[in-house]
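Engineer: Here it is: the structure, laid out below.
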Amino acid sequence: MAYQHHWQDGSPIEWPPGKIVCVGRNYAAHAAELSNPVPEQPLLFIKPATALVPMTAPIRLPGGRGDVHFEAELAVLVGRSLTCASRQQALEAIAAIGLALDLTLRDLQSELKANGHPWERAKAFDGACPLSGFVPLRNDDHLDDLRFSLSIDGEQRQQGHTGDMITPVLELLTHISETFTLRPGDVVLTGTPAGVGTLHSGQQLSLELDGRFHVQTSVE
Ligand code: ZN
């Protein structure tokens, strides 16, 4: 079944799924765990809409291509067109927030990086972006004070606080919009905190967004 954006209650969101703009190394502790330097400006890459799958569908690991890593991330659903946007325009364009897994073929990515090649084969494959249902941003939500977490088989593996981002959400949106026009239905992935690791068949994943919702999934 084709992926469609939806609210947490299951009702559909009108905009067609667009591109997913992602930022690498947006949490210092995660950059350090992979021995990567923190970039001077946000390190951007894109996953196509064909990477999207509903978070609740069992995760299918691509076979024969090495380790697949989980990266839990806050996802922002864009609801207005943004080109060279101001912070205020970026704020007004946030239609909703949710959680995503930026699935990464880590062995392949390391090989591509070593050869100076683009990362798409490791990051943009079909199914590389499981995405939860969305919830609207509330008046009392502070974009720089949202917490999210990922547990696997009952053990907490990742815990994120948006206040720890190197480039905070609104700055990230304005920066992205200087290069890529964001359109309604596009999604921005805001980077992963420390704790990434390899997915294994049969694992049960549980993700939580700041008391707003839980979402469960499993690895096929
Ligand atoms: Zn990521």
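The values are calculated or read from the model by the stated rules, or taken from the named source; none is laboratory data. Treat the numbers as computed from the prediction; the structure is a model and nothing was measured. Cβ atoms come from the backbone with ideal geometry, glycine included; neighbour counts cover every protein chain shown. Accessible surface areas use protein heavy atoms only, side chains included; no ligands, DNA or RNA. Shrake-Rupley method; radii C 1.70, N 1.55, O 1.52, S 1.80 Å.
Engineer: Looking at this structure, is G64 over 19 Å from T162 (Cβ atoms) and at pLDDT below 95?
Structural biologist: Judged against the criteria, G64 is a match.
Engineer: Which members of the range 180-205 meet the condition of being surrounded by 17 or more Cβ atoms within 10 Å (Cβ to Cβ) and of a type outside the set (A, V, I, L, M)?
Structural biologist: R183, P184, G185, D186, T190, G191, T192, P193, G195
Engineer: Tell me which residues, restricted to the range 55-80, are in contact with a Pro (Cβ under 7 Å, 6 or more places away or on another chain) and not hydrophobic (A, V, I, L, M, F, W, C).
Structural biologist: G79, R80, listed by residue number.
Engineer: Is at least one residue of the range 66-77 over 26 Å from A96 (Cα atoms), of a type in the set (G, A, S) and surrounded by fewer than 23 Cβ atoms within 10 Å (Cβ to Cβ)?
Structural biologist: yes
Engineer: What tally of residues in the range 11-43 results from selecting those that are modelled with pLDDT of 95 or more and open to solvent by 50 Å² or more (accessible area, probe 1.4 Å)?
Structural biologist: Here the count works out to 4.
Engineer: Does A100 fit the bill of being in a strand (DSSP E or B), of a type in the set (A, V, I, L, M, F, W, C) and closer than 16 Å to A75 by Cβ?
Structural biologist: In short, yes.
For every residue, the table says whether it meets (1) within 16 Å of the ligand (Cβ to nearest atom); (2) of a type in the set (A, V, I, L, M, F, W, C); (3) within 13 Å of the chain's Cα centre (by Cα); (4) farther than 25 Å from E33 by Cα.
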site: L99; (1), (2), (3), (4): yes, yes, yes, no
site: T104; (1), (2), (3), (4): yes, no, yes, no
site: N115; (1), (2), (3), (4): no, no, no, no
site: D126; (1), (2), (3), (4): no, no, no, yes
site: S132; (1), (2), (3), (4): yes, no, yes, yes
site: D141; (1), (2), (3), (4): no, no, no, yes
site: D144; (1), (2), (3), (4): no, no, no, no
site: R183; (1), (2), (3), (4): no, no, no, yes
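Engineer: Six or more apart or on different chains, Cβ atoms under 6 Å: show the pairs whose first residue is in the range 196-220 and over 17 Å from G154 (Cβ atoms) and whose second is open to solvent by less than 50 Å² (accessible area, probe 1.4 Å) and of a type in the set (D, E, K, R).
Structural biologist: Here the result reads V196/E71, each pair linking the range 196-220 to a residue that is open to solvent by less than 50 Å² (accessible area, probe 1.4 Å) and of a type in the set (D, E, K, R).
Engineer: What strands (runs of 3 or more DSSP E) lie completely within the range 116-220 and have 1 or more residues being among the acidic types (D, E)?
Structural biologist: 155-161, 204-209
Engineer: I would also like to ask the following. For the range 149-173, enumerate the residues that are of a type in the set (S, T, Y) and surrounded by fewer than 19 Cβ atoms within 10 Å (Cβ to Cβ).
Structural biologist: S151
Engineer: Restricting to the range 16-30, what's the tally of residues that are within 11 Å of the ligand (Cβ to nearest atom) and farther than 13 Å from V188 by Cα?
Structural biologist: Residues of the range 16-30 within 11 Å of the ligand (Cβ to nearest atom): 20, 22-27, 30.
From the residues that got through so far, the ones that are farther than 13 Å from V188 by Cα too are 25, 27, 30.
The total comes to 3.
Engineer: Still on this structure: Which ones in the range 185-201 are more than 16 Å from the ligand (Cβ to nearest atom) and closer than 14 Å to S151 by Cα?
Structural biologist: Answer for the range 185-201, where residues must be more than 16 Å from the ligand (Cβ to nearest atom) and closer than 14 Å to S151 by Cα: just H200.
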